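Colleague: Would you mind keeping the following structure in view while I ask a few things?
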Amino acid sequence: MENIKILETVADISYAAGYHQHYSGNSRFDVKSYISWAHEFEEKHQNTDWDKEDYMLMIEEFANTKIAVSNFRFD
């Protein structure tokens with residue numbers, strides 16, 4: 001499957017968002033945000049050696065930071 005890396009990143013970010021009940025009230029906006037965040041993460045880490053770095057810790061930290069600074073609050 002092509003683009004598996006970006007799809008996994010979107011899924012991981014979406015999982016974190018769901019866990020934190022992150023919802024703007026507009027699901028299409030949220031989906032577009034998570035896709036954008038995934039591209040940002042992949043670009044930032046395009047040269048990261050995942051044999052030396054912990055992907056799960058880094059994606060969780062990235063997603064949690066993005067969620068925390070979103071322009072909306074969640075319940």
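Colleague: Kindly establish whether Asn26 is polar (S, T, N, Q) and modelled with pLDDT under 95. Let's see the steps before the verdict.
Modeller: Numbers: polar (S, T, N, Q): yes; modelled with pLDDT under 95: yes.
Answer is yes for this residue.
Colleague: Name the residues in the stretch 17-46 that are in a loop (DSSP other than H, G, I, E, B) and either surrounded by fewer than 16 Cβ atoms within 10 Å (Cβ to Cβ) or touching a residue at least 40 places away in the same chain (Cβ under 8 Å) (or both), would you? Explain how you work it out, then say what you get.
Modeller: Here is the first cut: in the stretch 17-46, the residues in a loop (DSSP other than H, G, I, E, B) are 20-26, 45-46.
Those that are in a loop (DSSP other than H, G, I, E, B) and either surrounded by fewer than 16 Cβ atoms within 10 Å (Cβ to Cβ) or touching a residue at least 40 places away in the same chain (Cβ under 8 Å) (or both): His20, Gln21, His22, Tyr23, Ser24, Gly25, Asn26, Gln46.
Colleague: What are the residue pairs meeting all of these: first residue in the stretch 1-15, first residue assigned to a helix (DSSP H, G or I), second residue among the small types (Gly, Ala, Ser) and at pLDDT 95 or above, Cβ atoms under 6 Å, and 6 or more apart or on different chains?
Modeller: Between residues of the stretch 1-15 that are assigned to a helix (DSSP H, G or I) and residues that are among the small types (Gly, Ala, Ser) and at pLDDT 95 or above, the close pairs are Ile6/Ala38; Thr9/Ala38; Val10/Ala38; Ile13/Ala38; Ile13/Ala63.
Colleague: When you scan the stretch 23-43, how many residues do you find that are closer than 16 Å to Thr65 by Cα and within 12 Å of the chain's Cα centre (by Cα)?
Modeller: Residues meeting the conditions: 11.
Colleague: Could you list, in sequence order, all residues of the stretch 19-62 that are over 16 Å from Lys5 (Cα atoms), in contact with a helix residue (DSSP H, G or I) (Cβ under 9 Å, 6 or more places away or on another chain) and not aromatic (Phe, Trp, Tyr)?
Modeller: His20, His22, Ser24, Asp30, Val31, Ser33, listed by residue number.
The values are calculated or read from the model by the stated rules, or taken from the named source; none is laboratory data. Treat the numbers as computed from the prediction; the structure is a model and nothing was measured. Glycine gets a Cβ as well: all are built from the backbone with ideal geometry, and neighbour counts include every protein chain shown.
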